[in-house]
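K.L.:
Have a look at the structure that comes next, please.
Derivation of every value follows stated rules applied to the coordinates shown; laboratory data play no part. Just so you know, these numbers come straight off a predicted model, no measurement behind them. Cβ atoms come from the backbone with ideal geometry, glycine included; neighbour counts cover every protein chain shown.
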Amino acid sequence: MDRIVVQGGRPLSGTIPIAGAKNACLPLMPATLLTEEPLTLTNVPRLSDIVTMGRLLESLGVEVSPMRDGKVMALSSHALTGHLADYEIVRQMRASNLVLGPLLARAGHAVVSLPGGCAIGARPMDIHVTALEAMGAKIELRDGYLHAAAPGGLKGAEIELRFPSVGATENTLMAAALAKGTTVIRNAAREPEIRDLADCLIKMGADIEGAGTPEIVISGVDRLHGATHAVLPDRIELGTYMLAPAIAGGSVELIGGRLDLLGAFCEKLDAAEIDVVPTENGLRVTRRNGRVAAVDVVTEVFPGFPTDLQAQMMALMCTADGVSVLEERIFENRFMHAPELVRMGAQIEVHGGVATVTGVERLKGAPVMATDLRASVSLILAGLAAEGETVVHRVYHLDRGYERVEEKLGACGAQIERVSE
């Protein structure tokens, strides 16, 4: 099992290219189930979750070509041979449940295991199920699998999500594209990844209005066709690498970075006395003189502060001047990185969904253990600012969401390496 070793105390300088968004690519891949014609995706990130989704689609009969030039993936669902999303694949990644809506729309039935993934709290499937049932699907839970059928086809419906779930919005959006009649999704998720999926579906012939707003209107069509679509930049990778020079010092340009993807996050960086300046090729991030200022953070659905950047922001606040309060409102049990940061000398108190961080002058390197994807990279960021050596164990989590992290940071002057056990 690999581990990441970081020698801290080195300011960063250089450029980091931002990859395509994992959270955009994962719903785009099962969109191929909606058409018999090929779907080609460009700017695809090379991540283990993308490989897992490819394996799941192949188990359903989808032809998934190896990525060309490292970033181009062709998918073809001209002859589906299965409708079972097996537990052995689904347990590795929660986004596997995104085959449910497309399979129901295309084949009229699906059997999908309840998902697995990071242990960061419940991400209930009932929102997905309720939305699809409103469209006429019959869904039962038996032996850990959702058995879904729509023998008469899915029908348009007015749906109000009890929570603006990204996954439920994506599943419903794909299912509604081929449903009979008009579907209205209210309290829909507004994340950029929703807009990206809708843009791809529109290229495939779908009739969608309002994606990126709380109300999406989908007029079902009889069939969709193939298309080519570029995956949008990964805003979570972008935010993570924006924090690297903020923590370690120095100045880094993020190639492909966009302010519109991280408005609330950029506001917090400005309050923390971190400069973010648009450039011709992306964004440049520079830490101002001295320690960063402590800021309070509350995670919210988009366009609020992303829960997927909360752990990384906590790492920054560990050496901030003052006391910061971070409140997690999206997922329970998402402060598992806090005890590991404490091992490095951080002063953190956690009470339920609220963490209070009292900044210290400097962190100390230590052996730490990653508990989930975002926690793993937060510990690497903390290691950049720490005195001495930090060893991050169980970095298989990291490979689910970050490609070549040690190469990208190393190119900017970080002393970081991946070591096999």
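K.L.:
Quick check: from the Cα gyration tensor, does segment 22-230 come out rounded (a/c under 1.5), prolate or oblate?
P.N.:
Working: a/c = 1.29, a/b = 1.13, b/c = 1.15.
Cα axes put segment 22-230 in the rounded bin.
K.L.:
Turning to a different aspect of this structure: Where in segment 310-415 are there chymotrypsin sites (Phe, Trp or Tyr not before Pro) that are in a DSSP coil and have at most 15 other Cβ atoms within 10 angstrom of their Cβ? Write down the numbers at each step before the final one.
P.N.:
Working: sites: Phe331, Phe335, Tyr396, Tyr402; in loops: Phe331, Phe335, Tyr396, Tyr402.
Here the chymotrypsin sites (Phe, Trp or Tyr not before Pro) that fit, given the DSSP loop and packing criteria, are Tyr396.
K.L.:
Separate question: Hey, for a label at Arg68 modelled as a point 7 Å past Cα toward Cβ, could you say which residues of segment 191-206 have their backbone N under 20 Å away?
P.N.:
204
K.L.:
Okay, next question. In nm, what is the difference between 0.36 nm times the number of residues separating Leu259 and His109 and their Cα-Cα distance?
P.N.:
On the way: separation 150, 0.36 × 150 = 54.00 nm, distance 4.11 nm.
Once the chain is fully extended between Leu259 and His109, it gains 49.9 nm.
K.L.:
With an 8 Å Cα cut-off and a minimum separation of 6 or more residues, compute the relative contact order for the chain in percent.
P.N.:
Working: 1086 pairs, mean separation 89.8, N = 421.
About 21 percent, as a whole number.
K.L.:
Provide Val62, Val72 in ascending order of the number of other Cβ atoms located within 10 Å of each residue's Cβ, fewest first. Display every interim value, and only then the final one.
P.N.:
Values: Val62 23, Val72 16.
Sorted ascending by nearby Cβ count, the order is Val72, Val62.
K.L.:
Out of Thr81, Thr15, Thr130, any idea which swings most in a Gaussian network model of the chain, alpha carbons joined below 10 Å?
P.N.:
Thr81
K.L.:
Here's a follow-up. Output the pairs from Lys203/Lys268; Lys22/Lys203; Lys155/Lys268; Lys71/Lys180 with a Cα-Cα distance over 32 Å in this structure; if there are none, say none.
P.N.:
Numbers: Lys203/Lys268 36 Å; Lys22/Lys203 20 Å; Lys155/Lys268 43 Å; Lys71/Lys180 35 Å.
Pairs exceeding the cut-off: Lys203/Lys268; Lys155/Lys268; Lys71/Lys180.
K.L.:
Give the percent of DSSP beta bridges with both residues in the chain that are antiparallel, rounded to the nearest 5. Don't jump to the answer; show the numbers that get you there.
P.N.:
Values: 55 of 80 bridges.
Once the DSSP bridges in the chain are tallied, antiparallel ones form about 70 percent.
K.L.:
Compute, for the chain, the length of the dipole vector about the Cα centre, with Cβ point charges of +1 (Lys, Arg) and -1 (Asp, Glu) only. Units Debye, rounded to 20. Before the final figure, lay out the partial values.
P.N.:
Working: 39 positive and 52 negative charges, 60 e Å.
Roughly 280 debye, rounded to the nearest 20.
K.L.:
Another one. Can you tell me the FRET efficiency between Asp321 and Asp143 if r is taken as the Cβ-Cβ distance and R0 is 41 Å, rounded to the nearest 0.05? Can you show the working numbers first?
P.N.:
Details: r = 55 Å, r/R0 = 1.33.
Between Asp321 and Asp143 the formula returns 0.15.
K.L.:
If packing is taken as the average number of other Cβ atoms within 10 Å across a peptide's residues, how do 294-303, 237-246, 47-56 rank, most packed first? Before the final figure, lay out the partial values.
P.N.:
Details: 294-303: 18.4, 237-246: 26.7, 47-56: 20.7.
Ranking the peptides 294-303, 237-246, 47-56 by packing returns 237-246, 47-56, 294-303.
K.L.:
Could you give the nm distance between label points at Arg55 and Ala79, where each point is 7 Å from its Cα heading toward the beta carbon?
P.N.:
Each label point is offset 7 Å from its Cα along the Cβ direction, giving 2.5 nm.
K.L.:
Quick one: Karplus J couplings for segment 133-143, per residue in order, coefficients 6.51, -1.76, 1.60, θ = phi - 60°, nearest Hz, x for Gly and Pro?
P.N.:
Working through the residues one at a time gives 5, 4, 8, x, 6, 10, 10, 10, 9, 9, 6 Hz.
K.L.:
Sorting His351, His393, His229 on the 10 Å Cβ count, fewest up front, what's the list?
P.N.:
So the residues, fewest neighbours to most, are His351, His393, His229.
K.L.:
Report the GluC sites (Glu not before Pro) located in segment 306-390 that are in a DSSP loop and have at most 13 other Cβ atoms inside 10 Å of their Cβ, or state none.
P.N.:
In loop regions of segment 306-390 (DSSP not H, G, I, E or B), the sparsely surrounded GluC sites (Glu not before Pro) are Glu332, Glu361.
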